[in-house]
Amino acid sequence: MVLIGLSGFVKDCHCDNYKTVWNIIKLETNKSGISDKINTLNVEGNLIKNRQEIINIFNNYFSSIAKNIILTHTNQSNYKPYDTTPLHYLFQSFKTPFPNINLKSSSTKDVENVIKSLKPKNSYGYDGISTKLLKISSAFIISPLTYICNKSISLGIFPDRLKYAVVKPVFKKGDRSNITNYRPISMLGSFSKVFEKIIFKIT
């Protein structure tokens, strides 16, 4: 009965937010449609059902795509981008040198504004902290977070753990057991997003 009433409400309201309204309805009623869980993959005629094997197959597949893209853009069949440092790769890729960057310290107000600018989402990355949770707890962590940001900037070191991302395969269309019908999305940690925006703001 509730869904019927909401359906009538959606039809009666003259707005462009139908999709948003239905997403909220599905979320609240735990009816998110087709599950995003991948139970089976067809690899050269073999059906793979083991979860760990599926994860490894996706990891190898997405990694191979990234390597092929780099090789295509460099036009060097013998080029090995992982045999060199990221800075060396950047210097080799651009003809003109990079200008010097003078980084300034950020204030607690800067960090606060960055956190406020983030969209409140329930999804999270490697750190397990959603932007929604980050915004709720911001008053208690702004000072130490600002200190860590400034320490990172002064040392010129981006924390390794903030480089981690959760890569999820997103189904596009066609056969769900065909790995080529998926595209990867990287879910960064909330703190990583704050660091990146702070560095962008002060450069």
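No lab work stands behind these numbers, since they all come straight from the coordinates. Computed from a predicted structure; not experimentally measured. Note that each Cβ is placed from the backbone with ideal geometry, even for glycine, and that neighbours are counted across all protein chains shown.
Starting from the 7 Å offset along Cα-to-Cβ, what nm value, one decimal, do you get for the label separation of ASN50 and VAL166?
2.4 nm
Please work out how much length the chain gains when fully extended from LYS132 to LYS104, using 0.36 nm per residue of separation minus the C-alpha to C-alpha distance, in nm with one decimal.
7.3 nm
Which of the trypsin sites (Lys or Arg not before Pro) found in segment 101-131 are in a DSSP loop and have at most 11 neighbouring Cβ atoms, other than their own, within 10 Å?
Answer by residue number: LYS104.
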